Amino acid sequence: MKKKIAGSPAVLVLMGSDSDWPVMQESVRVLKDYNVACDVAVLSAHRTPERAAALASGAIASGVKVIIAAAGSSAHLAGVLAAHTTLPVIGVPMKGGALDGLDALLSTVQMPAGIPVATVALGKAGAVNAALLAIQVLALNDARLRSRLVAHKQELKRKVDEANGRLRADLERMK
């Protein structure tokens, strides 16, 4: 599976298996919404380690700025990629398996000193947050993205204020 979005990719969205695609589509959806070019592929830390190393080693020369890597069980795609690049790597642990994602979470978050992997939540929330974190990294040098992120935060605040308004109205009706 390989899908290119909008020009030369700034972000790689990689998965250990195509069964991760229904979740990782959320990352692509957010990146596309922000007009951030990405490329998507299945890559295994264990079944295709040479390809994983080559892709990570060549990512900077290809213009990639951030890598998002999703894997379940104890597979550690994000860590293998991080070992072969100086780019920021964001790991998305996938739910499933005997431990329902706990093993994926622990294998992604427990990196040795010197090989950082930013780790987000399990599943779809993690996929969304991984994309937003990648966009925040890109926004360091892109005022348009920074502006969009500010608007996103304001929208989140507006939704909280709106929820509080509904609660207050319900409380008033209860009097």
Of the listed residues (Ala54, Ala104, Ala75), the one being closer than 19 Å to Met24 by Cα, more than 16 Å from the chain's Cα centre (by Cα) and of a type in the set (A, V, I, L, M) is Ala75
Region 1-94: helices (runs of 4 or more DSSP H) wholly inside it with 1 or more residues that are assigned by TED's automatic domain parsing to the domain that holds Thr119, of a type in the set (S, T, N, Q) and touching a helix residue (DSSP H, G or I) at 6+ places or on another chain (Cβ under 7 Å) are 21-33
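Would you check if Ile115 is β-branched (Val, Ile, Thr) and in a loop (DSSP other than H, G, I, E, B)?
Numbers: β-branched (Val, Ile, Thr): yes; in a loop (DSSP other than H, G, I, E, B): yes.
It is true that Ile115 is β-branched (Val, Ile, Thr) and in a loop (DSSP other than H, G, I, E, B).
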Contact list, first residue from region 71-90 and over 13 Å from Ala130 (Cβ atoms) and without any contact (Cβ under 8 Å) to a residue 40 or more places away in the chain, second anywhere and assigned to a loop (DSSP other than H, G, I, E, B) and among the small types (Gly, Ala, Ser), beta-carbon distance below 7 Å, six or more apart or interchain, is Ser73/Gly97; His76/Ala45; Val80/Ala45; Thr85/Ala59; Leu87/Ala59
All conditions in (1) modelled with pLDDT of 95 or more; (2) closer than 19 Å to Leu122 by Cα are true of Ala56 except (2)
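The values are calculated or read from the model by the stated rules, or taken from the named source; none is laboratory data. These figures come from a predicted structure and were not determined experimentally. In this analysis, Cβ positions are derived from the backbone assuming ideal geometry, glycine residues included, and neighbour counts consider all displayed protein chains.
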